[in-house]
Structures are given as structure tokens and as C-alpha cells.
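Since every read-out is calculated from the coordinates, none of them should be taken as a lab result. Small disclaimer: the values here were computed from a predicted structure and weren't measured. Cβ coordinates were reconstructed from backbone atoms using ideal geometry, including for glycine residues, and neighbour counts include every protein chain displayed.
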């Protein structure tokens, strides 16, 4: 499973979890959110509480990894099924105080297909989301799926993107100063000076995808066998790579064991900020995009301490719309090491300078236009990717 690691940026998880509005009385609606740690600034939750037009308890609990959130979704569904088995009249999982299912959960777009297929989440009521039409088309398309989790223009909306990032090339300034050039695009990874000097995330879609991009093809190519020179290019890149890891690809770069690292912008941005010898670029020919989404667990239900489904749904929609407003969108972009999709639609004058002038956080439109989300692939095509990846990885360097 693909994982993106979070780095602390100052707001403590404890502070976020303690931001609860009022007491959870029987007459009071509540909003419970289980989110990826540090993906929402703590002060944003406080601002949301003040903006509410109703009295409500608001509780946010952080989780360290997206993988852990996906695992929780599966556990909540299993709990719901077990409870339902006890009585044919049982409500589909009304959680106890110890195991309340949250109203919203962070999920990466990578997990969306599996979550839909396994019945872990339910569609969002997008007609009640005022900010939906503000989202750029690519962010709308990635969450519109059919019941098998495949992209569909007529499908339902299964998630609300609230931040996004890219796959980038990080590199050591000191080493490239000696070389007399700096990376600009994927093709630079094949330069002979970088043999055995690269660390890369251990993901076939990413590595095969960037190679396809070098060859002028899409990350989502479905006919790999017809792509001329693909295997030869992958084998040549494999000779350049010293280290594959989805969790520890940046450590070799910091230790000067590698000079280049290919990975996710959320990991690279804080490292770049703390180490003057490390810089990063988004490849000029375009890159892979990813998004973190708000999704609604299928097993979520209104518990006995809330006033009803209408109030609950209203709070869910208010929070999602709040994240899509310009001011919160700018705060997410400033403090979470990822950009809000809304900032791509704003006048540059209304975007904070630290966001506007950070091309790793917010790439130029000419680069974004060439970039792509990793779309779900048909099973046969996915197996072709896996087989090619296995073949390449078994070749000794």
C-alpha cells in the first residue's frame, strides 16, 4: 500500500484533539472527524467553531498514517456487521461511547477504489456543498466514481479533496554545485553522473509512471507492451537507483549517501526547509498528483447524543465547505506542507507570498497542466504493471 509520511509542523496532535465545542449534551449536534495528523492546522478548527451558526460539539482526532485510517474504516465496518448480526432489527452500527464512528475521515485518493469496492465509505451529498463548483475539474473528476471505484463522469462523489501535492525530485545543492547543473526534468535521472546516487519511493505506479512521462506518455497508460523502449528505460533507471523505500528514501539524501531522491512533496517540503543543502523541483514535463480527501464512513450513524441526521449532515457539509473557503484554503496551504485545491483558482494577489513563491508547494500552471492523478487501472492492466515492476527489480545492478 502507498504511504505518505507526515512531519510535525508545530501544532500538537493533543491540541487538535482537545478542540471540542461545548459539552456533548443530548440536545446538541456533534461533528467527529478522524484526520491525518498535521493535515489541518489546529487554529483552523478553532476558527470553524466560531463560524458555526449552531451549538455543536466538534472533535478532531489525529491519526499518524493514511494506512492506519484505511485500516480503521475496515474495522468500523466489521463492527457494524457484527452488531447487525445480533438482531435483524438493529440499526447498522450505532457506536458505543468507546467506539463511536466518526462522521468524516481523511483518506488518500489512492485508497478510494478499494474503499468503495469494500463498502467502507458512502457517497457525499454533493448537492449540499456550495464549494463543489469552485473545485478545479481534475479534483472533481478524481472523486467521481462508479460503485466499482472506477472513474465515471456520471458517478457519485465519494470524497471532498481538501489538500494535494506532487511527486518531486529532491537533490543536494552541494553535490550538484560540483557537477555544474541541477535537475529540471525526469530525463535528468538517467544522466551517467547519477549512477548509484538515487533513492526512490518503492512504488511501481510512480517509477513506471515517471519513466512513461520521460517517454512522452501518460502515467495512466494502459498498453505498456506497446510503449517503445519502456523496459530498456526502466532497466537503465534501475542501474541509477541505489535505494528503494516508501518510508526512508530521504534519509540517504540527508546522509549524502544519495544525491537525488524521488518522493512526495509533503515529505520533501519540511526537509527542504530545515536543510539548506537540499532543494527540490517539480519536473517540467509534469508529475503525479495526489489528494487527501474527506470521506464519510459507511458505518457512520447518528448516536443517541445528537439531535438527528439533518443536523449531523449540516455540520459535515459546513466543515467541508469551510475548508474550501479562500482563507482556510490559504491556511491549509501555509501550515500543512500541501496546497489546497482552492488556491489554484485564486488571484495570485490573494495567495500568501510563502505559498505563491514556493514552486514545490504550488507549481506553475504550465507544469500542473501536464500533471496527472494516478487513476485506478483495470485489473489486467494493473497486473501488467506489477509484472513489469517485478521483472525490473529482479535484475541485479
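Some observations on this one:
- Cα gyration tensor shape of the range 252-397, rounded if a/c is under 1.5, else prolate or oblate by comparing a/b with b/c: oblate
- The antiparallel fraction among DSSP beta bridges confined to the chain stands at about 60%.
- Ordered by the number of other Cβ atoms lying within 10 Å of each residue's own Cβ, fewest first, 61, 364 fall into the sequence 364, 61.
- Note on the chain: helix-only mean residue ellipticity at 222 nm, from DSSP H runs of 4+ residues weighted -39500 (n - 2.57) and normalised by residue number, equals -10000 deg cm²/dmol.
- The chain: angle of helix 309-323 to the longest principal axis, Cα-based, in degrees nearest 10: 30 degrees
- In terms of its alpha-carbon gyration tensor, the range 107-212 comes out prolate; a/c meets the 1.5 threshold, and the first ratio a/b outweighs b/c.
- Sorted ascending by nearby beta carbons within 10 Å, beginning with the fewest, 166, 345 become 345, 166.
- With respect to the chain, whose longest principal axis is taken over its alpha-carbon atoms, helix 265-274 is tilted by about 70°.
- Least to most buried among 60, 322 (fewest other Cβ within 10 Å first): 322, 60
- The protection proxy used here, the mean number of other Cβ atoms lying within 10 Å of each residue, ranks peptides 213-220, 189-196, 29-36 as follows, highest first: 29-36, 213-220, 189-196.
- Computed from Cα atoms, the angle from the helix 66-86 axis to the main principal axis of the chain rounds to 40 degrees.
- Three-way shape call for the chain based on the alpha-carbon gyration tensor, with the a/c threshold at 1.5: prolate
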